[in-house]
Structures are given as structure tokens and as C-alpha cells.
Amino acid sequence: MILLRGSLGAGKTTLARGLARGFGLEDPMLVSSPSFTLVNIYPGRCPIYHVDLYRLERARDAASLGLEEFLAGEG
């Protein structure tokens, strides 16, 4: 798991694109910020779950995103 923290425009999605390329995503430009969808999933040699937790009000809200399944390799 890689966690990125930074202000708006800090380059988190740009770094995520580079990671996606490294993990075999054919077109890393498909990687976009999940600010509105909260979770974007990208296939590749290793699936990438790009999650934006910024808008969650409580930690328990993360459960509704299926994070436990992602971390357990079931998502």
C-alpha cells in the first residue's frame, strides 16, 4: 500500500500515473483523480486501486468503499 498526502495540485495523481506505468498499465494517462468517484480501479500486472479519502467525514465511512476487500486482495 502506498499512501500519498498533499495539497491540491501537489502532483499526487501525476505520481500515481508513474506508478501505474511501472505496474503495467498500458495507458497511464487513463489515471485520473478519484475526487468525485472516490475509487478508480486500473488493471495491469498488479491491479491499482486509486482511492481519495479526502471527502470522507469519518474513518468508518471508508468501510463503505470496500477498502478492507481491496487490502485483502478480494476487491
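A short reminder: the numbers here are calculations on the coordinates, not readings from a lab. Values in this document were obtained by computation on a predicted structure and should not be read as measured data. Positions of Cβ are generated from backbone atoms using ideal geometry, with glycine treated the same way; all protein chains shown enter the neighbour counts.
Net charge in the neighbourhood of VAL39 (other residues with Cβ under 14 Å of its Cβ; Lys, Arg +1, Asp, Glu -1) is -3.
When the alpha-carbon atoms of the chain are used, the pair Rg, Dmax equals 12.3, 35 angstrom.
Exposed loop sites here mean trypsin sites (Lys or Arg not before Pro) with a DSSP loop assignment and at most 16 other beta-carbon atoms within 10 Å; the chain contains its longest site-free run at 6-44.
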